[in-house]
Amino acid sequence: RTRYWKAAGGGYRSGVSSGATLFYDDNAHMVVALMEAFRLTADPVYLSRAQETYNFVLSGEDLAGGGGIYFSQPDRTVKETISTLQGARAALMLYRATAQESYLQDATRLDEWCRTHVQQPDGMFLERYYLTGPKAGTAGDFALVNGAGDALAVQLEFYAATGNAANLQEAQRMAARSLTRYFNSTTGAISDEGFWAFELVDA
């Protein structure tokens, strides 16, 4: 934190230099990690840092493209699926820890944006929503496996937070589709649309 946290405006930089890029998705991952540490240890320092980092993540949300969270500063060309899904997951983890209703409202709003803007009919998620250029107003380009993992985690956090069986059912639908879309049943290898290889988030 001492080397990476940006005091002015908050957020963890991608490098130790003062000019290193701040990524909203990286910071959303940090909130999840900090909340996992808080769940394990009950150390309030982790909760406090998670809340500070979450505030930075949410600063990447605005009404352009109907909502969603950007990828990085100062890029305003796309809203990023992973930033938004992990933002929703982070909000739900904070809601479960604090019972602050605003976190549940944030998670609901972010999840709704993902479902209406980047989710495919089979339950998987395209990686971004374009705001500028020839693809403006459309989602693209790959349905990456880490999007499936983050989305599964969001639905399971919703279920844990609210007990709504629809969230568990949606997680099960995503899991079933992920098995046929990304996994080689013979070798167990994960194929990420032939693009990258990621491990499915442990939900």
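The values are calculated or read from the model by the stated rules, or taken from the named source; none is laboratory data. Here the structure is a predicted model, which is why all the values come from computation and not from measurement. In this analysis, Cβ positions are derived from the backbone assuming ideal geometry, glycine residues included, and neighbour counts consider all displayed protein chains. Surface accessibility is based on the protein's heavy atoms, side chains included, excluding ligands, DNA and RNA. Shrake-Rupley method; radii C 1.70, N 1.55, O 1.52, S 1.80 Å.
When only residues in segment 167-200 that are small (Gly, Ala, Ser) and exposed (fewer than 15 other Cβ atoms within 10 Å of the Cβ) count, which is modelled with the lowest pLDDT?
First pass over segment 167-200, keeping only residues small (Gly, Ala, Ser): 171, 175-176, 178, 185, 188-189, 191, 194, 197.
If we keep only those that are exposed (fewer than 15 other Cβ atoms within 10 Å of the Cβ) as well, we get 176, 185, 188-189, 191, 194, 197.
Working: ALA176: 94, SER185: 82, GLY188: 83, ALA189: 83, SER191: 78, GLY194: 48, ALA197: 40.
Checked segment 167-200; the qualifying residue modelled with the lowest pLDDT is ALA197.
For segment 33-81, enumerate the residues that are touching a residue at least 40 places away in the same chain (Cβ under 8 Å), among the aliphatic types (A, V, I, L, M) and open to solvent by 50 Å² or more (accessible area, probe 1.4 Å).
Those that are touching a residue at least 40 places away in the same chain (Cβ under 8 Å), among the aliphatic types (A, V, I, L, M) and open to solvent by 50 Å² or more (accessible area, probe 1.4 Å): none in segment 33-81.
Residues in segment 115-127: is at least one open to solvent by 40 Å² or more (accessible area, probe 1.4 Å) and hydrophobic (A, V, I, L, M, F, W, C)?
No; the residues of segment 115-127 include none that is open to solvent by 40 Å² or more (accessible area, probe 1.4 Å) and hydrophobic (A, V, I, L, M, F, W, C).
Please find, among ASN164, ASN146, the residue that is open to solvent by 60 Å² or more (accessible area, probe 1.4 Å), among the polar types (S, T, N, Q) and on the phi < 0 side of the Ramachandran plot.
Details: ASN146 fails: open to solvent by 60 Å² or more (accessible area, probe 1.4 Å).
After applying the criteria, what remains is ASN164.
Kindly check whether there is at least one residue in segment 89-97 that is open to solvent by 60 Å² or more (accessible area, probe 1.4 Å) and of a type outside the set (Phe, Trp, Tyr).
In the first step, residues of segment 89-97 are kept if they are open to solvent by 60 Å² or more (accessible area, probe 1.4 Å); the result is 96.
Then keep just the ones that are of a type outside the set (Phe, Trp, Tyr); that gives 96.
Looking through segment 89-97, at least one residue is open to solvent by 60 Å² or more (accessible area, probe 1.4 Å) and of a type outside the set (Phe, Trp, Tyr).
Taking segment 25-84, which residues are among the aliphatic types (A, V, I, L, M) and out of contact with any Ser or Thr (no Cβ under 9 Å at 6 or more places or on another chain)? Show your work before the answer.
From segment 25-84, those among the aliphatic types (A, V, I, L, M) are 28, 30-35, 37, 40, 42, 45, 47, 50, 57-58, 63-64, 69, 78, 82; that's our starting set.
Selection gives VAL32, ALA33, MET35, ALA37, LEU40, ALA42, VAL45, ALA50, LEU58, LEU63, ALA64, ILE82.
If you go through segment 26-73 one residue at a time, how many are of a type outside the set (A, V, I, L, M) and part of a strand (DSSP E or B)? Break it down stepwise before answering.
The first filter runs over segment 26-73 and keeps only residues of a type outside the set (A, V, I, L, M), leaving 26-27, 29, 36, 38-39, 41, 43-44, 46, 48-49, 51-56, 59-62, 65-68, 70-73.
Pick out the ones that are also part of a strand (DSSP E or B) and you get 61, 70, 72.
Summing the residues that are of a type outside the set (A, V, I, L, M) and part of a strand (DSSP E or B) in segment 26-73 gives 3.
Kindly evaluate LEU104 against the criterion of being within 21 Å of ARG13 (Cα to Cα), open to solvent by 10 Å² or more (accessible area, probe 1.4 Å) and under 17 Å from the mean Cα position of the chain (by Cα). So that I can check it myself, show each step before the final result.
Values: within 21 Å of ARG13 (Cα to Cα): no; open to solvent by 10 Å² or more (accessible area, probe 1.4 Å): yes; under 17 Å from the mean Cα position of the chain (by Cα): yes.
So LEU104 fails the test.
Inside segment 1-32, can you point out the residues that are open to solvent by less than 50 Å² (accessible area, probe 1.4 Å), under 24 Å from LEU104 (Cβ atoms) and within 18 Å of the chain's Cα centre (by Cα)?
GLY11, TYR24, ASP25, ASN27, ALA28, VAL31, VAL32
With the condition kept exactly as written, say whether any residue in segment 124-142 is of a type in the set (S, T, N, Q) and under 24 Å from ASP26 (Cα atoms).
Of segment 124-142, the ones of a type in the set (S, T, N, Q) are 132, 138.
The next check asks that each one be under 24 Å from ASP26 (Cα atoms); those that pass are 132, 138.
Yes, that holds for at least one residue.
Determine if segment 4-12 includes at least one residue that is among the hydroxyl-bearing types (Ser, Thr, Tyr), in contact (Cβ under 8 Å) with a residue 24 or more places away in the chain and outside any loop (DSSP other than H, G, I, E, B). Break it down into steps so the answer makes sense when it comes.
Keep residues of segment 4-12 that are among the hydroxyl-bearing types (Ser, Thr, Tyr), which gives 4, 12.
After this cut, where a residue has to be in contact (Cβ under 8 Å) with a residue 24 or more places away in the chain as well, the list is 12.
In the following step, the residues that additionally are outside any loop (DSSP other than H, G, I, E, B) were identified as 12.
Yes, that holds for at least one residue.
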